[in-house]
Amino acid sequence: MKNDDSILQPIRLGTHLVPGIWRYMLPDDVFYFRVDPEVRSSCFNCPQVKAHGFHPSIRCCSYIPRVPNFLLGLALMDPGVRPVAQNFIATGYSIPEGSQVSPHHMEKSIGFLSGKLPQGSVICPLLDQNTKKCQIYAFRSGVCSTFFCRHDQGEAGAEFWESLTDLVTQVETALAQWALEQAGFDLGLYFERFETLAQDLEACSNPETGTWSDHARRQLFGVWYGREEELFQACAAQAIAHKKDLFEIAGRQKLRQTPGYDTTIRQRLGPLYSHSLIGEALPDGEPMPVRNLWYSTQLAHRNLQLHRIQASQDSGHEPHSNQQT
Ligand code: SF4
Ligand code: SF4
C-alpha cells in the first residue's frame with residue numbers, strides 16, 4: 001500500500017506537534033481550538049529536575065507507553081522510524097492492541113512521576129537518553145502527546161489537557177480493537193486468552209527484559225505470532241483506508257476489556273503500584289463513551305477560554321493571541 005505522507009507527518013495543535021493521524025481520528029473542531037503554548041513545561045530544560053530531582057536525561061519518560069497498533073504500524077511505514085519500531089516490537093513491548101506495560105514493568109513503575117528512579121525502574125525504551133528526544137515522536141501515544149507537568153493557565157489548562165488525554169486514549173483503544181477485527185484478527189479469542197494469563201502472572205513477563213514473555217505473546221497473537229509487524233501494518237492500512245471515518249468508527253466500536261486480568265493485577269500489586277500508571281494502563285469501570293469524552297473536552301476548552309478572559313481582565317491586559325508558529 002502507498003504510504004499516506006499526511007498521516008506520517010505530525011501536525012500542529014496550537015503550537016504543539018501531535019501525530020498526523022489525529023487530523024482524522026478527532027473531530028475537525030479540535031484543530032480550531034485555541035490551545036496555549038505550555039511554556040512552563042519546558043521539556044528540554046525540565047523544571048522537574050531541580051524541583052523534584054527528576055533524572056535530567058529521562059525526566060517523565062519513566063514508563064511504558066500505550067502506543068496503539070495502528071500507530072506502531074504507521075511508525076513501521078516511516079523509513080526513519082522503522083528500525084526503532086522494529087526493535088521495540090521484537091523486544092516484546094507489544095501485544096496485539098499495541099504496546100502495553102507487562103506485569104513485571106508495572107510492578108517496577110512505582111517511580112513514575114515521583115522523580116525518584118530506584119534501581120531497576122522503568123525507562124521508556126523509545127527515549128534517546130543522549131539527545132533526550134522521543135524516537136517515535138510523530139507516532140507517540142495520546143498520553144505522551146498531551147502530558148504537561150505544569151500548565152500556563154493553571155487548573156483550567158490542566159483540565160483541558162486531561163480531557164483531551166481521555167478522549168484521545170479512548171479513541172486510540174477503540175480504533176486499535178476495530179483495526180484488529182478489520183485485519184482478520186480473532187478478537188474474541190484474544191480477550192479469552194488474556195483472561196487466562198491472570199492464572200500465572202509470573203509467566204507473562206520475560207525474566208531478563210521484563211517485557212511480555214514469548215509464552216504470553218504466543219497466546220495473545222495466536223496465528224499472528226511471529227508476524228507482529230505484518231499485523232500492525234495491516235492495522236495501519238485499515239486506519240488509512242478508512243481515515244475519513246475514524247472518529248465515527250471509534251464512537252461506534254464497543255470497547256472490550258480484561259476485567260479478570262486487571263483485577264488480578266490490582267490485587268497482586270495492591271498498594272505498591274502508582275495510581276497514575278494503573279489509571280492509564282488498567283482503566284477501571286465501564287468505558288466512557290467517546291461522545292461523552294468529546295463533550296467533556298469541548299466543555300474544558302470553553303472553560304479554558306473563560307479562564308483566559310477572566311485572567312486578562314484581572315490583569316488589565318488584552319488576552320494574548322495564540323498565533324501558531
Ligand atoms: S512534561 Fe516531562 S519533560 Fe516536560 S517539563 Fe514536565 S516533567 Fe519535564
Ligand atoms: S514514547 Fe516518547 S514521549 Fe512517550 S514516554 Fe517514550 S520517549 Fe517519552
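The values are calculated or read from the model by the stated rules, or taken from the named source; none is laboratory data. On a predicted model such as this, the values are computed, not experimentally measured, just so you know. Here Cβ is always computed from backbone atoms with ideal geometry, including for glycine, and neighbour counts include all displayed protein chains. Surface accessibility is based on the protein's heavy atoms, side chains included, excluding ligands, DNA and RNA. Shrake-Rupley method; radii C 1.70, N 1.55, O 1.52, S 1.80 Å.
Beyond a 27 Å Cα-Cα separation, which of these cross-linked pairs lie in this structure: 50/133; 108/243; 133/254; 132/243; 50/132?
108/243; 133/254; 132/243
Among all cysteines in the chain, which have no other cysteine Cβ under 4.7 Å from their own Cβ?
Cys with no partner Cβ under 4.7 Å: 43, 46, 60, 134, 144, 149, 204, 235.
Length gain on complete extension for the stretch residue 44 to residue 225, per 0.36 nm per residue less the alpha carbon to alpha carbon distance?
Here the segment from residue 44 to residue 225 would lengthen by 61.3 nm.
Kindly provide the helix-only [θ] at 222 nm of the chain, computed as the sum of -39,500 (n - 2.57) over DSSP H runs of four or more divided by all residues, to the nearest 500 deg cm²/dmol?
Helix contribution divided over all residues of the chain: -14500 deg cm²/dmol.
Could you report segment 11-315's accessible area per residue, 1.4 Å probe, as an integer in Å²?
Result: 45 Å² of accessible area for each residue.
Taking the Cα-to-Cβ direction at residue 218 and at residue 57 and moving 7 Å from each Cα, how far apart do the two end points lie in nm?
Placing both labels 7 Å beyond Cα along the Cβ direction yields 3.6 nm.
Given the Cα atoms of segment 11-315, and with Rh set as the inverse mean 1/r over their pairs in the Kirkwood sense, what is Rg to Rh to two decimals?
Reported Rg/Rh (Cα atoms, Kirkwood Rh): 0.95.
Can you tell me the FRET efficiency between residue 196 and residue 9 if r is taken as the Cβ-Cβ distance and R0 is 45 Å, rounded to the nearest 0.05?
The value I calculate is 0.65.
Hey, rough spin-label estimate for residue 263 and residue 284, points 7 angstrom out along Cα→Cβ, what's it come to in nanometres?
1.4 nm
Label points 7 Å out from Cα along the Cβ direction at residue 305 and residue 181: separation in nm?
Here the modelled spin labels are 3.5 nm apart.
Taking R0 as 25 Å, what FRET efficiency do you get between residue 152 and residue 295 from their Cβ-Cβ distance, rounded to the nearest 0.05?
0.50
Whenever you get a sec, compute what percent of the accessible area on segment 11-315 sits on carbon and sulfur atoms (1.4 Å probe).
For segment 11-315, the apolar C and S fraction of the accessible surface comes to 51 percent.
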